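Notes for the one structure printed next.
The values are calculated or read from the model by the stated rules, or taken from the named source; none is laboratory data. Predicted model only: the values in this text are computed from it and were never measured. Counting neighbours? That spans all protein chains shown, and the Cβs are built from the backbone with ideal geometry, glycine included.
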Amino acid sequence: MKRSVLLLACLILIYGCARVPVTGRRQLSIVKNSTIIPASFDQYEQVKKESKLSDDEEQVALVKKVGHRIQTAVEKYMSENGWEDHLEGYDWEFNLIESDQVNAWAMPGGKVAFYTGILPICKDEQGIAVVMGHEVAHAVANHGRERISQQTGAQAGLTAISVALGAGGTSELSREAIMQGAGAATSLGILKFSRKHESEADHLGIIFMAIAGYDPKGAPVFWERMAEQSGGESPPEFVSTHPSHDTRISDLNKWMPEAMKYYKK
Ligand SMILES: [Zn+2]
């Protein structure tokens, strides 16, 4: 048993780790994007079918415009900085869903949705760019893959061990297990990210908006509006996966000098 655990640890080190662009954080990556992304696209189509897409042409166009502008800037940045393979299999899409919920989310492979309920807080293109940068960051940082890898890590690890030990016939079975893991995670509709992921998406988000030419100083201002609108009713940080507004704003201000360097370029 001890030897299997050691072997598993070695295999994860060799095959099961990836790095997040820009922050350089190491993350678990047992399940591959080639497995997750097709499942994610199916789920996104399902959500689109079951939701009412906004027919406000002006608002739809603005959300798509900001999305494509940030997408283009991020793709250029990635290919110029040695990450050219990182976005393989991505197919970006930005939709606006009719809903009072103050929310937006991203699925693996670049599928983003905004709810109309968040637009009054975004207020303008700059505010949309804050939320868009954050959502694009979740997708680029493969936060969904990391969650799914954590959930299915044990199963995938067992396969790796049996394959390494030369046991035949189990890989097909375990691939099924991985698919189930991915499906279970994405069928929740929207993956719940950890606070660490939320914070990393804030950090990358202001850099992504900056390289797309949007002033990152709009981010703390957006979160102040968000705090005002929730009227002090936001859940305390320890019961929420989201960082509190205060933590968020002070973190954003801490990262601002870094983001401003990208903005000025
Ligand atoms: Zn988020």
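Quick one: count up the residues across the stretch 102-119 that are part of a strand (DSSP E or B) and either touching a Lys or Arg at 6+ places or on another chain (Cβ under 7 Å) or within 13 Å of the ligand (Cβ to nearest atom) (or both). Selection size over the stretch 102-119: 7. Residues in the stretch 208-265 that are in a loop (DSSP other than H, G, I, E, B) and either of a type in the set (Asp, Glu) or at pLDDT below 95 (or both): 14 in all. Free of Cβ contacts under 8 Å to residues at least 40 places away in the same chain and surrounded by fewer than 18 Cβ atoms within 10 Å (Cβ to Cβ) - does that describe any residue in the stretch 107-115? Looking through the stretch 107-115, none of the residues is free of Cβ contacts under 8 Å to residues at least 40 places away in the same chain and surrounded by fewer than 18 Cβ atoms within 10 Å (Cβ to Cβ).
Inspect the stretch 44-51 for any residue being modelled with pLDDT of 90 or more and buried (at least 19 other Cβ atoms within 10 Å of the Cβ) and give the result as yes or no. The answer is yes; a qualifying residue exists. For the stretch 77-102, filtering for residues that are free of Cβ contacts under 8 Å to residues at least 24 places away in the same chain and either under 19 Å from the mean Cα position of the chain (by Cα) or on the phi < 0 side of the Ramachandran plot (or both) leaves 6. Scanning the stretch 25-42 for residues that are closer than 11 Å to Asn142 by Cα and assigned to a helix (DSSP H, G or I) returns Asn33, Ile36, Ile37.
Applying the selection to the stretch 52-64, what residues are touching a residue at least 40 places away in the same chain (Cβ under 8 Å) and either in contact with a helix residue (DSSP H, G or I) (Cβ under 6 Å, 6 or more places away or on another chain) or surrounded by 15 or more Cβ atoms within 10 Å (Cβ to Cβ) (or both)? Those that are touching a residue at least 40 places away in the same chain (Cβ under 8 Å) and either in contact with a helix residue (DSSP H, G or I) (Cβ under 6 Å, 6 or more places away or on another chain) or surrounded by 15 or more Cβ atoms within 10 Å (Cβ to Cβ) (or both): Ser54, Gln59, Leu62, Val63.
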